[in-house]
Amino acid sequence: MSERILQGPFLTRAQAARLARIPAGLVAFRPDLLRVEGRWLQEAYFGFQFDRTGVRPELGAVVQELKREYSDIEIADWLVRPNRALGFSSPLKGLGSSGIDRVL
């Protein structure tokens, strides 16, 4: 098995809450957000999930669909890896040009 690719920047709970425009206590309950958790550290959220308007809706839809079968780390890794089916572009980049259906 290859090593996971975790692409930053990473955001704290407070930073993610501010960008998602919700209280910090609710961020962990958002089914459309990916996070990294540690044993002794507060969780961190992937910065690529947000844009100027908040949570990227197309990415949130993909995340919710994939969370049915995969962990947050597995999804985050898959999102940033080159994908042959997308012309060796990453699914994250493909969302902007190809759309949700093609990426999934």
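The values are calculated or read from the model by the stated rules, or taken from the named source; none is laboratory data. Quick caveat: nothing in here was measured; it's all calculated off a predicted structure. No Cβ is skipped: glycine too gets one built from the backbone with ideal geometry, and neighbour counts run over all protein chains shown. All accessible areas refer to the heavy atoms of the entire protein, side chains included, with ligands and DNA or RNA removed. Shrake-Rupley method; radii C 1.70, N 1.55, O 1.52, S 1.80 Å.
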Legend entry - Portion, in percent, of the accessible area of the stretch 7-104 that falls on carbon or sulfur, probe 1.4 Å: 52 percent
Inset, instruction - State to the nearest 20 debye the size of the charge dipole of the chain about its Cα centre, where the only charges are +1 on K and R beta carbons and -1 on D and E beta carbons. - result: 260 debye
Legend entry - Estimated 222 nm signal from helices in the chain, with DSSP H stretches of n ≥ 4 weighted -39500 (n - 2.57), rounded to 500: -9500 deg cm²/dmol
Legend entry - Per residue value of the accessible surface for the chain (all protein chains in place, 1.4 Å probe), Å²: 64 Å²
Inset, instruction - Treat each spin label as a single point 7 Å out from the Cα along the C-beta direction, and report the R4 to E58 distance in nm. - result: 2.6 nm
Legend entry - Proximal charge balance of P23 [Cβ under 13 Å; K/R count +1, D/E count -1]: +4
Inset, instruction - In nm, give the distance between the simple-model label positions of E69 and R39, each being 7 Å from the Cα along the Cα-to-Cβ direction. - result: 3.2 nm
Legend entry - the stretch 1-48-the stretch 70-87 distance, computed between alpha-carbon centres (Å): 17 Å
